[in-house]
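The structure appears below as structure tokens.
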Amino acid sequence: MAALPQPPPPPPNPPLIAPPVQPNDPNVPVAGPQAAAPPWFQGIIQPLFMDLRNDLQNDMWTMMRAEFLPGFKRLVNQHRGDGKVVSFDIVPFTNGNDPTQPPDNLPPLHSIDVIENLNEHDLMEYLNGYGVVPPVSTNPYATNYLQKEILKGLIGSSV
């Protein structure tokens, strides 16, 4: 009798479905923030980040000098009376510049006496630097007095 043909071999097993990846699995390649960027990319991006960081620091310092510092100095000056015992702090102009430094080179306002003895030019420079349009009157004495009172308030004098 003739031999029966052999049945065909069974098909290969289908591939197994991989189990879900577990957190912190050491066999899984890392991607994301903890992965290091290629060296060529680090060489390009590092100077850009440093420039951005420096720009932000400069902007923050400028903003602090222009907005926070004048108000703080005025507040400190309010508690120094007429400035004779403890002299007034210099209040920066609205643009953040120190009025006693170049290009302004104005006399430092350390006391009420200094304000009272300011000449007309320096008084106008201080008022303009603090962003005040000086008042004008037909009476020069009254105008000068009013301008000095305004300046006293601008530096925080309580006298």
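Please treat every number below as a calculation from the coordinates, not as lab data. On a predicted model such as this, the values are computed, not experimentally measured, just so you know. Counting neighbours? That spans all protein chains shown, and the Cβs are built from the backbone with ideal geometry, glycine included.
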**Request:** Would you calculate the separation in nanometres between label points at V132 and T94, each defined as 7 Å from the Cα along the Cα-to-beta-carbon direction?
**Result:** 1.2
**Complete:** Amide H contacts under 5 Å for G81, restricted to residues at least 5 apart in sequence or on another chain and with H modeled in the peptide plane, are S158
**Item:** Shape of the range 83-158, Cα gyration tensor, a/c cut at 1.5
**Value:** oblate
**Request:** Please arrange Y141, Y130 by counting, for each residue, the other beta carbons lying within 10 Å of its beta carbon, fewest first.
**Result:** Y141, Y130
**Complete:** For the chain the mean separation of alpha carbon contacts under 8 Å (6+ apart) over residue count, i.e. relative contact order in percent, is 20
**Message:** With θ taken as phi - 60° and the coefficients 6.51, -1.76 and 1.60, list the Karplus ³J(HN,Hα) couplings across the range 96-106 in order, rounded to whole Hz; mark glycine and proline as x.
**Reply:** x, 6, 7, x, 8, 9, x, x, 7, 6, 8
**Request:** Report the residue, chosen from A66, A142, A36, that carries the largest GNM mean-square fluctuation when the chain is represented by alpha-carbon nodes joined by springs under 10 Å.
**Result:** A36
**Complete:** If amide H atoms are modeled at 1.01 Å from N in the peptide plane, then the residues at a separation of 5 or more from L106, or on another chain, having amide H under 5 Å from its own are T100, Q101
**Asked** Q6 versus V85, label points 7 Å from Cα toward the beta carbon: distance in nm?
**Response** 11.4
**Request:** Tell me which residues come under 5 Å, amide H to amide H, from S111 once H is placed; ignore anything under 5 positions away on its chain.
**Result:** F88
**Asked** Using r as the Cβ-Cβ distance of N119 and M60, and R0 as 35 Å, what FRET efficiency do you calculate, to the nearest 0.05?
**Response** 0.40
**Message:** Please compute the length gained on full extension between N105 and N144, using 0.36 nm multiplied by the number of residues separating them and subtracting their Cα-Cα distance.
**Reply:** 11.9 nm
